[in-house]
Amino acid sequence: MEYDTKGKVLKKAVVWKELYFYRKSDALYQLTVEFCKRFLPAHGDRTVDQMVQAARSGKQNIVEGSEDGQTSSEMEIKLMNVARGSLQELRADYHDYLNTHHLPVWDAGSERQQKLREFCHSHNDFSDYEPLLPKMNDEEMANLALTLCHQADKMMCAYIEKLEKKFVTEGGIKERMHAARTSYRQEVDAHMRALERENAVLKKRIKELEEEIERIRRT
């Protein structure tokens, strides 16, 4: 007989391609590659490598964290925080670019920043931004990247908080394995008790039948 245990060791896989903050981080990576090609020297400037690597690290650690999260909640939380750190590093690079080129970081209350924020809020994929980039200058692209950084970070903070709460209540793989084993043993024990009760009933019935047969023989 096969026992159907309710305990689950592996968590349900997260479809990372559908995560809004992954899609924004992927858009941010491709935007950063384009920004560096257009506005930074092709050679001799380490900033290019730093920015591209930080943007790539942001999105790749989301992927790795989501994949590893099936077996290790701790690793998932760790890699999501690494992704956050990478995007924060990228955000600092964009701030530095604007400051060193005497360009403004758009004020949160300004009309253009509000419009940009609203657009980014409802658009997650690079294909939404790609047609706009040829018309944008470095100031506009840098502020677009900063907005995406901020929104992705805010989403990731909420996601990590959710992971941490789930880890506290459900534990990691060791706890889930223990729960699965406990559930299995409980089901086996319950099945054995049911068999013992059934066996006792059958023995009683057999005894009754034997007594009935004996009475019939005597008549």
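Nothing in this text is a laboratory measurement; each read-out follows from the coordinates by a stated rule. Keep in mind it's a predicted model, so treat the numbers as computed, not measured. Glycine also receives a Cβ, built like all others from the backbone with ideal geometry; neighbour counts cover every protein chain displayed.
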Helix 46-68 versus the longest principal axis of the chain: what angle, 0 to 90°, nearest 10, using Cα atoms?
10 degrees
Give me Rg over Rh for the stretch 24-105, both radii from the alpha carbons and Rh done the Kirkwood way, two decimal places.
1.07
Could you give me the percent of Cα pairs per 10 Å distance bin for the chain, shortest bin first, beginning at zero and ending with the bin that holds the maximum distance?
7, 25, 21, 13, 9, 7, 6, 4, 4, 3, 1, 0
ASN137 versus ILE206: modelled label distance in nm, points set 7 Å from Cα along the beta carbon direction:
9.6 nm
Can you tell me the orientation of helix 20-39 relative to the chain, as the angle in degrees between its alpha-carbon axis and the longest Cα principal axis, to the nearest 10?
30 degrees
What percent does the relative contact order of the chain come to when contacts are Cα pairs within less than 8 Å and at least six residues apart?
33 percent
Relative contact order (percent, whole number), the stretch 54-102, Cα cutoff 8 Å, 6+ residue spacing
42 percent
Helix 173-218 axis, angle to the chain major axis (alpha carbon atoms, nearest 10°):
20 degrees
Full-extension gain between ILE216 and GLU67, please, as 0.36 nm times their residue separation minus the C-alpha to C-alpha distance.
46.4 nm
